[in-house]
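Here's the structure we're looking at; comments come further down.
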Amino acid sequence: MKKIICLLCLIFYSTDLLPQEMFSVDVFADPKMAVQKDDHGNSPFTLNVLMNCSVQFKQREYGYYSLGQSIEYADLDGGRYMRYSFIQVGYTFNRFGFTDKLEASVALNYGLIRRWSRGFCNYGSNFDISYSFSDRLKFTSLLQVVRRLDIESPVEKNAIFRASVFFGLKFNISPINNMI
């Protein structure tokens, strides 16, 4: 927890990163859960959605840092699953020599899983590739890897990581300077 607090302090108090540029909202759905049965008994058309809200910081040489939160909800057969990442720190690469339409991002997050009327702390990471239709709208494919403490056995000490693939849209809502 001390490392997370130090990282937040570094981001907020760094004069080079402080100017905030853009507020964005991302909405994703897991197509696999929507069209086929999985290995855990979930039927087709199982809802699994993810929403990210983030602030994009000042453009750097190769990209920009972002700070945000995310919520994932899945209506699973074994009990509803809600994951809330209350801190998500990432970096987006958007300066490639061959095109200005692609972005690649990586983010680390720390949060809480709410399932079976209990809370489980967790951490995870996101990797995504976006194609820009305009300055404000992007199509995105996202790979999410999360440590699933809610399904780990207290007897066996093996960590369980789950990967999910999402497709969705990123919306750059407004420059921060225009909102104030």
## Note on the structure
Restricting to Cα pairs under 8 Å and 6 or more apart, the percent relative contact order of segment 43-166 works out to 16
### Query
What FRET efficiency comes out for the pair Phe96/Asn158, r = Cβ-Cβ distance, R0 = 41 Å, nearest 0.05?
0.60
### Task
Treat each spin label as a single point 7 Å out from the Cα along the C-beta direction, and report the Arg60 to Leu47 distance in nm.
3.8
### Query
If r is the Cβ-Cβ distance from Val27 to Arg118 and R0 is 45 Å, what FRET efficiency results, to the nearest 0.05?
0.95
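Are there trypsin sites (Lys or Arg not before Pro) in segment 95-154 that DSSP marks as loop and that have at most 16 other Cβ atoms within 10 Å, and which are they?
Arg95, Lys101, Arg136
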### Query
What list of ³J(HN,Hα) values in whole Hz, one per residue of segment 139-146 in order, does the Karplus curve 6.51 cos²θ - 1.76 cosθ + 1.60 (θ = phi - 60°) give from phi, with Gly and Pro shown as x?
8, 9, 10, 10, 10, 10, 10, 10
### Message
Let me cross-check Met51: its accessible surface, 1.4 Å probe, with only protein heavy atoms counted, in Å² to the nearest 10?
### Response
80
### Task
Please work out whether segment 58-100 counts as rounded, prolate or oblate from its C-alpha gyration tensor, where a ≥ b ≥ c are the square roots of the eigenvalues and a/c under 1.5 means rounded, while otherwise a/b larger than b/c means prolate and anything else oblate?
oblate
### Task
Take the alpha carbon atoms of segment 46-130, find their radius of gyration, then divide it by 2.2 N^0.38 Å using N residues; give the quotient.
1.29
#### Entry: Cα-derived Rg to Rh of segment 93-157, Kirkwood definition
1.19
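The values are calculated or read from the model by the stated rules, or taken from the named source; none is laboratory data. Treat the numbers as computed from the prediction; the structure is a model and nothing was measured. Glycine gets a Cβ as well: all are built from the backbone with ideal geometry, and neighbour counts include every protein chain shown. Accessible surface areas use protein heavy atoms only, side chains included; no ligands, DNA or RNA. Shrake-Rupley method; radii C 1.70, N 1.55, O 1.52, S 1.80 Å.
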